[in-house]
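The structure under discussion appears below in the form of structure tokens.
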Amino acid sequence: MRFLMALAVLALCSSLGGCTRVQEAAMPVVDKINAAFPPSPEVKVAQERLSKLLADDAPAAEALQAQLEPRMALRALACSKDATVGRFDSVAAVRVLPLAAACFQEQDAELLKFYGVRTVGVLLAKPPLRPLAEAGPIAALPKGKLSHISSGVLARDAGVGVLRDGRGEGAVVEIPGGKLIAQLPGTAGASEVGMRLSPNGRVLVFNPSGQAPTFVEAESGSKIWSMSGNHGVRLLAWLPEVQGFALAGGDGEVLLADGSSGRFEVHPVSLKNSSYAAHLPGTPSRLLLGTARELVLVEHKRSPQGITATALKRYTIASGPGITSGQPVPMQAGRRVIYASMRDIGWLDLESGESGTWRSAPLFGIPFAKLDENRIMFHATDLQGMGLTPWALDITNGTVAPVDLGGPRGLIVDIGDRVGFLLRGNEAWFGDKASTGEAQPLDKPVAAFELELQLAKLQALLRESGEQGMAAGRPAAELSPWQSAPGMSGVPADAQVHMVGVYEGQGPSRPGVGPREPRNVRVVVRPSARPMVLVLSSYESVNWIVVNAGAQISAVLLSGYHPSAVAGIGAQPVLRIGSAYAYSAGSAEYENLRRAVTRYTGPREIRSFQGSYSGADFSVGGR
């Protein structure tokens, strides 16, 4: 408060022609130093934003000033410890002292952290940005200024979502309907699973590639704060009931951020190297936090000293690989969580401590969507690897039933634990109501699909055996071919598979030609110690230009939603293996593509995968 009053006095005196030496002498030394070396413009903007948020809450505004004064005093004293500032020195005299600019920059970074955490805390305590409303049957979402809709994240308790295209542009929209709230430029490099929206829809956090989190105010689209250093690598969970949030720290620690005090602390009861968290509904605030197999249920409450954390129960997932990706999703009003366990669906009962796995692969895949508190929706694949048939899994009785969405077909986008399903294909659709068909035990269609796979492999083996036997002039029974698809008989068993995937090629279309004119993508293939199977996949039509720099290319597999062409491979035949495509490792599309490729390559090693939304140049192979 003293600092702000001093600045006000200086501003008034300046307008009147200058302050007297007596007036400046009345300023405390720390205020004099901060007036001579004021905080950066970024700090000023952060302070103004927070003050505006608290304008209608006088007690909160006074509490903020009480928190700020010791921080401003620390800033002044820390950066002037090697200098002498006299009681009667003027601000101008202090300004010419050789005080270290780097020290003030470090202190300003701490102030930005304080304002950032406090601002997030204030926003977390506000009501939903838009009321939570049922969406009903699936309906198309307008893409607005986005080139398309490739991913999205939705608020659990508000009618708000963030939609993105593959170029990193984003938009905050109302859900349902898709009416624009704010544009979100600058999210390029953020992974789909790394974007999180607060339950009330007011704060978005994302991790730019290789960087610490950035927090954004969803209503305006403006940046609140970008973390720096090793304060945290990614958000684990929001804790809106106590105005806080938890982060995975760079050293394996879990950090607890208090949005009321602006402080960061090491979480007192977390497990080392916690990577997964689920914020459970209800009061008091409960958080399931831990590693792939070990988790702890933590209750958070607010006290005069800050946020307190109490461990309620510990869990061990004894069987299967445990949690392998994403975050556990609360079900049945927080009594259970379910999660991705490799290609299957795992579950943990928080009341009994029991855990298990529904064996859903290879028929059903991830990600999944939460239909209601008792059912999830996932996609069934087929022998062509398209994976676009929706089914519902009832987690109480372990049955599945086909889902009728009324026509739209697309891939499920992971939106977290909000009820509803977001699909994307040539358009994007959202809904939270769907009719289902007759239910049957989960293992029945899974077993039937596995039988189909085995029969398809056997038929391929018999066809290849017959072709080889006829070519050699002897019965097929004398041959011992390995199990692979037709057209791969001449490929050495030790060949390595290298995969390249794009959504589309890079560069503008020619004038007067439609947007789906094939664009060129160049792939340089370097010499390797072992033969190579080259896999090229895309959504849009692509002209693949292969530059063979001396590699032994034994086969080229081409896959894509729209037809593509390959040049530069000489007499080597091209095998068209279907319409699966992928440009991001770990995505559902990647799993579909991998399955499609494996049907042709069998047990040969998939050595590499490279992907990009808009691809231009790739280089594969090399010793």
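Across the chain, the mean sequence separation of Cα contacts (distance under 8 Å, 6 or more residues apart), normalised by length, yields a relative contact order of 8 percent. Quick one: pull the percent of accessible area on the chain belonging to carbon and sulfur, 1.4 Å probe, ligands and nucleic acids left out. Carbon and sulfur: 54 percent of the exposed surface of the chain. Heavy atoms of the protein chains alone define the surface here; on that basis segment 118-196 has 40 Å² accessible area per residue at 1.4 Å probe size. What does the charge add up to near GLY406, with Lys and Arg as +1, Asp and Glu as -1, over the other residues with Cβ less than 15 Å from its Cβ? Every neighbour counted, the sum reads -1. Peptide packing: for 109-120, 392-403, the average count of neighbouring Cβ atoms within 10 Å per residue gives the ranking 109-120, 392-403, highest mean first. Relative to the dominant Cα principal axis of the chain, helix 41-53 is inclined by about 90°. Helices in the chain, meaning DSSP H runs of at least 4 residues, each add -39500 (n - 2.57). Divided by all residues, the mean residue ellipticity at 222 nm is -7000 deg cm²/dmol. For LYS126, the lysines whose Cα comes closer than 25 Å to its Cα, not counting residues fewer than 8 places off in the same chain, are LYS44, LYS52, LYS113, LYS179, LYS223, LYS301.
Packing-based ranking of 347-356, 29-38, 52-61 yields 29-38, 347-356, 52-61, ordered from highest to lowest mean Cβ neighbour count within 10 Å. Provide, in order from the shortest bin, the percent of all Cα-Cα pairs of the chain in each 10 Å bin, continuing until the bin that contains the maximum pair distance. Computed distribution, short to long bins: 3, 14, 21, 22, 17, 11, 7, 3, 1, 0, 0, 0. The local environment of ALA439, defined by Cβ-Cβ distances under 15 Å, has a net charge of -3 under the rule Lys, Arg +1 and Asp, Glu -1.
The values are calculated or read from the model by the stated rules, or taken from the named source; none is laboratory data. What you are looking at is a predicted structure, and each value in this text was computed from that prediction instead of being measured. When we count neighbours, we look across all protein chains shown, and the Cβ atoms used for this are built from the backbone with ideal geometry, even at glycine. In case anyone asks, the SASA skips ligands and DNA or RNA and just uses the protein heavy atoms, side chains included. Shrake-Rupley method; radii C 1.70, N 1.55, O 1.52, S 1.80 Å.
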